[in-house]
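Participant: This is the structure I want to talk about, given as structure tokens.
The values are calculated or read from the model by the stated rules, or taken from the named source; none is laboratory data. This is a predicted model, so every value here is computed, not measured. Here Cβ is always computed from backbone atoms with ideal geometry, including for glycine, and neighbour counts include all displayed protein chains. Accessible surface is based on the protein model in full, side chains and every heavy atom, while ligands, DNA and RNA are left aside. Shrake-Rupley method; radii C 1.70, N 1.55, O 1.52, S 1.80 Å.
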Amino acid sequence: MTKRSPILLIHGGAWAMPDDAIAAHENGIRHALRAGWDALARGGSSVDAVEAAVTIMEDDDTFDAGRGSFLTRDGRVQLDALLMNGANLRTGGVACVERLRNPIQAARLVLDQSPHVYFVGTGAERFATQHGMRLVDNTELIVPRERERLMAFQRAEAAGGRDTTFSGEAAVDTDAMTAAIRTLPEEFQVTDPTLHSHDTVGAVAIDADGNLAAGTSTGGTLSKAPGRVGDSSLIGCGCYADNESAAVSLTGWGEPIMKLVLGKWAVDRVAAGSPPQQAATDAIAYLYKRLGGHGGIILMGPDGSVGLAHNTPRMAWGLATSEGHQLGVTRNG
């Protein structure tokens with residue numbers, strides 16, 4: 001079989017990223033890109049590369065995945081992840097885990113070792129430990145920045161603000177709410193509907209054998225209800241891979257993405273003949289037109305062509321090919 005040049009494309013979240021956060025995001029993307037590319041360069045599979053890249057971003061507290069994730073309403077970290085092999089559609093997913101530092105690695109274990117596709121909560125943690133993963137205390141996943149963000153967000157809610165990332169609706173602009181929000185640090189203000197789009201991380205890859213893979217990992221939304229599961233770990237929503245269509249990973253407003261099954265929507269358009277860039281652009285336009293949603297998408301076709309799109313002010317991304325590595329925080333096309 002003729003070998004092809006592998007390609008890796010990753011994202012580290014799409015949101016209204018402030019200028020002083022750009023360097024940290026680019027640094028995290030750079031390290032993740034290197035880890036994933038090294039796996040491909042050693043002859044590893046696309047699944048290996050996606051797992052390696054996402055693991056690095058889970059360990060980097062810049063992102064909303066693994067350590068450093070947003071906190072639930074009761075002040076805990078709760079994590080979801082999905083990994084999918086486009087060669088055979090084998091898939092592994094975990095959700096609402098609180099004691100696994102790297103949920104993408106648990107997802108890989110489900111993909112490789114289980115006849116099932118998805119485990120949640122303590123069942124997922126039990127499965128992971130039975131296959132060699134170590135449990136951690138939830139406090140190891142919490143960083144001071146997120147405690148402060150949660151308290152500020154909840155103060156704004158108490159003043160009349162609300163999280164708009166589930167429906168696409170604008171925040172209620174009462175005088176009391178506005179006055180309270182303006183007393184908060186800029187990074188905690190919630191009047192901008194794209195501000196709390198999220199630093200969910202993900203990757204898509206094609207290996208030397210032409211096999212696609214995709215993975216997505218998230219800590220969910222700020223002050224989410226405990227037990228809530230978003231799009232990231234759901235097949236066809238935040239992640240999908242099939243050699244006969246495309247591989248995709250999404251970041252952003254989970255509820256609108258789930259309602260539209262947006263990942264499958266995008267890969268189906270590639271299968272129907274749309275170039276990945278056009279399908280990516282169309283998917284984000286569809287997300288906004290139908291439900292007012294915000295987010296970002298990375299997409300890779302079976303020929304290795306790629307697409308990136310977002311309707312948030314910024315989206316951290318990185319692309320590795322045999323010609324070198326590129327990265328940035330904005331790109332559409």
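Participant: Using modelled amide H (1.01 Å from N, peptide plane; none on Pro or chain starts), what sits under 5 Å from the amide H of S114, excluding residues fewer than 5 places away?
Facilitator: none
Participant: With N residues in the stretch 1-88, what two-decimal value do you get for its Cα radius of gyration over 2.2 N^0.38 Å? Before the final figure, lay out the partial values.
Facilitator: Working: Rg = 15.0 Å, N = 88, 2.2 N^0.38 = 12.1 Å.
Against the compact-globule rule of thumb, the ratio is 1.24.
Participant: Considering only T321, T91, T312, give the residue with the highest GNM mean-square fluctuation for the chain, with springs between Cα atoms whenever their separation is below 10 Å.
Facilitator: T321
Participant: Considering only DSSP beta bridges with both partners in the stretch 71-121, what is the antiparallel share in %, to the nearest 5? Could the numbers behind the result be given before it?
Facilitator: Working: 5 of 8 bridges.
Percentage antiparallel, nearest 5: 60.
Participant: Further, regarding this structure: Taking 22 Å as R0, compute the FRET efficiency from the Cβ-Cβ separation of K3 and N88 and round it to 0.05.
Facilitator: Details: r = 19 Å, r/R0 = 0.88.
With R0 = 22 Å, the Cβ-Cβ based efficiency is 0.70.
Participant: Return the distance in nm (one decimal) between the two label points of a simple spin-label model at Q154 and E244, each offset 7 Å from Cα along Cα→Cβ.
Facilitator: It is 4.9 nm.
Participant: Any chance you could look up the accessible area of Y288 with a 1.4 Å probe, heavy atoms only, rounded to 10 Å²?
Facilitator: 120
Participant: Moving on. In degrees, nearest 10, range 0 to 90: what is the angle between the Cα axis of helix 121-130 and the longest Cα principal axis of the chain?
Facilitator: In the chain, helix 121-130 runs at an angle near 40 degrees to the longest axis.
Participant: If I fit a long axis through the Cα atoms of helix 46-59 and take the longest principal axis of the Cα atoms of the chain, what angle between them do I get, 0 to 90°, rounded to 10?
Facilitator: Taking Cα atoms only, the helix is inclined about 30 degrees.
Participant: Nearest-5 percent of antiparallel DSSP beta bridges in the stretch 55-155?
Facilitator: Of all bridge pairs located within the stretch 55-155, approximately 60 percent are antiparallel.
Participant: With unit charges on the beta carbons (Lys and Arg positive, Asp and Glu negative) and the dipole taken about the Cα centre of the stretch 1-62, which residue among M17, G28, G43 sits farthest to the positive side?
Facilitator: G43
Participant: Counting only DSSP beta bridges with both residues in the chain, tell me the antiparallel percent, nearest 5.
Facilitator: On the way: 47 of 52 bridges.
Counting DSSP beta bridges with both partners in the chain, the antiparallel share is about 90 percent.
Participant: Compute the separation of the alpha-carbon centres of the stretch 274-319 and the stretch 1-74 and state it in Å as a whole number.
Facilitator: Answer, in whole Å: 17.
Participant: Between S305 and R30, what FRET efficiency comes out of the Förster formula 1/(1 + (r/R0)^6) with R0 = 30 Å and r the beta carbon distance, rounded to 0.05? Intermediate results must be reported in sequence, preceding the final value.
Facilitator: Details: r = 23 Å, r/R0 = 0.77.
About 0.85, to the nearest 0.05.
Participant: Report the per residue volume, in Å³, of the convex hull enclosing the C-alpha atoms of the chain.
Facilitator: Details: hull volume 37.8 nm³, N = 333.
Convex hull of Cα atoms, per residue: 114 Å³.
Participant: Continuing with the same structure: Given a Förster distance of 35 Å, report the FRET efficiency between E323 and Y288 from their Cβ-Cβ distance, rounded to the nearest 0.05.
Facilitator: On the way: r = 33 Å, r/R0 = 0.94.
Efficiency for this residue pair is about 0.60.
Participant: Follow-up. DSSP loop GluC sites (Glu not before Pro) in the stretch 6-79 with at most 16 other Cβ atoms within 10 Å of their Cβ, which ones?
Facilitator: Numbers: sites: E26, E51, E58; in loops: none.
Counting only loop positions with at most 16 other Cβ atoms within 10 Å, none of the GluC sites (Glu not before Pro) in the stretch 6-79 qualifies.
Participant: Shifting gears a bit: Given a 10 angstrom Cα cut-off, can you work out which residue in Q154, Q105, Q113 is the most mobile in a GNM of the chain?
Facilitator: Highest fluctuation of the listed residues: Q113.
Participant: Under a point-charge model restricted to the Cβ atoms of Lys and Arg (+1) and Asp and Glu (-1), what is the dipole moment magnitude of the chain relative to its Cα centre, in debye to the nearest 20? Could you put the intermediate results ahead of the total?
Facilitator: Numbers: 29 positive and 39 negative charges, 86 e Å.
My answer is approximately 420 debye.
Participant: How many nm separate the modelled label positions at D38 and R126, each set 7 Å beyond the Cα in the direction of the Cβ?
Facilitator: 3.6
Participant: At a 1.4 Å probe, what is the % contribution of carbon and sulfur to the accessible area of the chain? Intermediate values should be presented prior to the final figure.
Facilitator: Values: 6170 of 12530 Å².
With neighbouring chains kept in place, the figure for the chain is 49 percent.
Participant: Turning to a different aspect of this structure: Once the convex hull of the C-alpha atoms of the stretch 246-333 is built, how many Å³ does it hold per residue, rounded to a whole number?
Facilitator: Values: hull volume 7.0 nm³, N = 88.
For the stretch 246-333, the hull spanned by Cα atoms encloses 80 Å³ per residue.
Participant: Give, as a single signed number, the net charge of other residues whose beta carbon lies under 10 Å from the beta carbon of E140, with Lys and Arg counted +1 and Asp and Glu -1.
Facilitator: On the way: positive: R67, R99, R101; negative: D137.
So the environment of E140 carries a net charge of +2.
Participant: Now, a different point. Which angle from 0 to 90°, rounded to the nearest 10, does the C-alpha axis of helix 276-291 make with the longest principal axis of the chain?
Facilitator: 30
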